[in-house]
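The values are calculated or read from the model by the stated rules, or taken from the named source; none is laboratory data. On a predicted model such as this, the values are computed, not experimentally measured, just so you know. Positions of Cβ are generated from backbone atoms using ideal geometry, with glycine treated the same way; all protein chains shown enter the neighbour counts. Keep in mind that these areas ignore ligands, DNA and RNA; they rest on the heavy atoms of the full protein, side chains included. Shrake-Rupley method; radii C 1.70, N 1.55, O 1.52, S 1.80 Å.
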Amino acid sequence: MALVNAGVVVLDCAEPEKLAEFYKELLQAEEVDANANRVEVRASDGFRLALRRDVNATAPSWPRPENSLQAHLEFVVDDLDAVERRIVSLGGRPMEAGAPSGPLEERGYADPAGHSFTLRRGAPTAPKQG
């Protein structure tokens with residue numbers, strides 16, 4: 001018998017309802033639980049994400065060093081450019097300097113509340129560096 005039945009990634013934010021809408025659209029997820037302080041969504045692959053109300057939440061300052069990155073989400077996608085356009089249309093923003101589109105295998109973003117996440121191409125097309 002397993003000691004843990006399921007895992008849920010939880011992000012603290014000031015407005016969980018608004019942030020849940022962003023992730024429901026991005027992940028094509030459904031809302032599976034909600035109360036005054038927490039909204040949980042589940043993607044079709046079973047990935048679970050909860051947004052918890054913390055009125056004092058502040059976004060990490062990554063990549064600035066004064067508030068180091070504690071954790072981030074990573075999503076595997078086929079079309080980086082298409083998903084980037086969707087992220088921006090939903091209120092997210094690119095976190096990397098330089099051209100926002102192109103052949104990069106991995107790109108960093110922030111959701112509307114400032115949590116960082118990465119998009120990674122599903123099947124690498126370039127040889128690994130280093």
- The percentage of the accessible area of region 12-53 (probe 1.4 Å, all protein chains present) made up of carbon and sulfur atoms, to the nearest whole number, is 39
- Item | region 9-49 shape via C-alpha gyration tensor axes, a/c threshold 1.5 | prolate
- What is the distance, in nm, between label points placed 7 Å from the Cα along the Cα-to-Cβ direction at A14 and at T118? 2.9
- Grab the beta carbon distance between A6 and V77, set R0 = 25 Å, and tell me the FRET efficiency rounded to 0.05. 0.55
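To the nearest 0.05, what FRET efficiency results for N35 and R85 with a Förster distance of 25 Å applied to their C-beta separation?
Details: r = 33 Å, r/R0 = 1.32.
That gives a FRET efficiency of 0.15.
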- Task: Work out, step by step, the length gained on full extension between F47 and Q28: first 0.36 nm times the residue separation, then minus their alpha carbon distance; give nm to one decimal.
- Result: 5.7 nm
- Cleavage-rule hits, GluC sites (Glu not before Pro), region 7-66, DSSP coil, Cβ neighbours within 10 Å at most 12: E66
